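The values are calculated or read from the model by the stated rules, or taken from the named source; none is laboratory data. Keep in mind it's a predicted model, so treat the numbers as computed, not measured. Don't worry about glycine lacking a Cβ; one is built from the backbone with ideal geometry, like all the others, and counts go over all protein chains shown.
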Amino acid sequence: MYTKKQGFTHIEILVVVAIIALVGTFSAVAVNSARSKQRDATRLSNVRLVQSALEDYFNENNSYPLGNLLPLGDVAQSACLSLSGFGSDCSSEEAVFLRRVPRTYENGLKGIITCGEPARNAFCYSVLDEGDSYVIHFELENGLTAVGLQTGVNCATPDGMEAGTCTE
């Protein structure tokens, strides 16, 4: 009497393993893409936060704070923003606009925008027109066409954000 073995054949097992490998690969790609977009969203939020503090500073001083290729968030130069401008410590200041100036998240960036000593990826701030304007150059991992920003170099000014390098 002949009995049929029950179970999977080698081909069936290989097909199942291949499907699991494909699903795992697609999941990893999706997670990495989501992380990259989250880092960019945080970068944009931080630039907008600095822009808001700079507008508060301008309203009090009728000019923007001094700085030329200043790496924002640098503990020695621009850790905070007070009535005196960017500084390393604002604990003794009466009017503080931004107690902690955010730094850029360097993960995923290509190092296109660098400033400071030593040079590093940063939000790079420069005051223009004797304090009447400013630019903040920053880098993004992904383009955001809905808001007009591109992968790589972008800039922020008192008028908003735009793709590419701003004229200084």
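Read through the list (1) out of contact with any Leu (no Cβ under 6 Å at 6 or more places or on another chain); (2) on the phi < 0 side of the Ramachandran plot, then give the number of the only condition that Tyr125 fails.
(1)
Quick one: Leu83 ticks every box in (1) in contact with an Asp or Glu (Cβ under 8 Å, 6 or more places away or on another chain); (2) under 19 Å from Cys155 (Cβ atoms); (3) among the aliphatic types (A, V, I, L, M); (4) at pLDDT 90 or above except a single one, so which number is it?
Just one mismatch for Leu83, condition (2).
What's the number of the condition Arg39 fails, among (1) within 18 Å of Gly152 (Cβ to Cβ); (2) loosely packed, with under 15 Cβ neighbours inside 10 Å?
Looking at each condition in turn, Arg39 falls short on (2).
At pLDDT 95 or above, assigned to a helix (DSSP H, G or I) and surrounded by 12 or more Cβ atoms within 10 Å (Cβ to Cβ), is that true of Leu54?
yes
Select from the range 97-118 the residues that are among the charged types (D, E, K, R) and within 13 Å of the chain's Cα centre (by Cα) and write down the one among them that is surrounded by the fewest Cβ atoms within 10 Å (Cβ to Cβ). Don't jump to the end; show me each part of the working.
Step one: list which residues in the range 97-118 are among the charged types (D, E, K, R), which gives 99-100, 103, 106, 110, 117.
Now drop any that are not within 13 Å of the chain's Cα centre (by Cα), which leaves 103, 106, 110.
Values: Arg103: 19, Glu106: 12, Lys110: 10.
That would be Lys110.
Do we have any residue at all in the range 125-135 that's buried (at least 20 other Cβ atoms within 10 Å of the Cβ) and farther than 17 Å from Ser63 by Cα?
No: the range 125-135 contains no residue that is buried (at least 20 other Cβ atoms within 10 Å of the Cβ) and farther than 17 Å from Ser63 by Cα.
Considering only residues that are assigned to a loop (DSSP other than H, G, I, E, B) and polar (S, T, N, Q), look in the range 1-51 and name the one that is nearest to the chain's Cα centre (by Cα).
Only one residue fits best here, namely Thr9.
Quick one: which residue in Ala95, Ala79, Ala41 is touching a residue at least 12 places away in the same chain (Cβ under 8 Å), closer than 24 Å to Thr114 by Cα and either out of contact with any Leu (no Cβ under 9 Å at 6 or more places or on another chain) or not charged (D, E, K, R) (or both)?
Going through Ala95, Ala79, Ala41 in turn, the sole match is Ala79.
What's the number of the condition Val147 fails, among (1) surrounded by 13 or more Cβ atoms within 10 Å (Cβ to Cβ); (2) within 18 Å of Lys37 (Cα to Cα)?
(1)
Could you check the range 59-96 and list, in sequence order, the residues that are crowded, with 16+ Cβ neighbours inside 10 Å, closer than 21 Å to Phe138 by Cα and not aliphatic (A, V, I, L, M)?
Correct list: Tyr64, Pro65, Gly67, Pro71, Gly73, Asp74, Gln77, Ser78, Cys80, Gly85, Phe86, Gly87.
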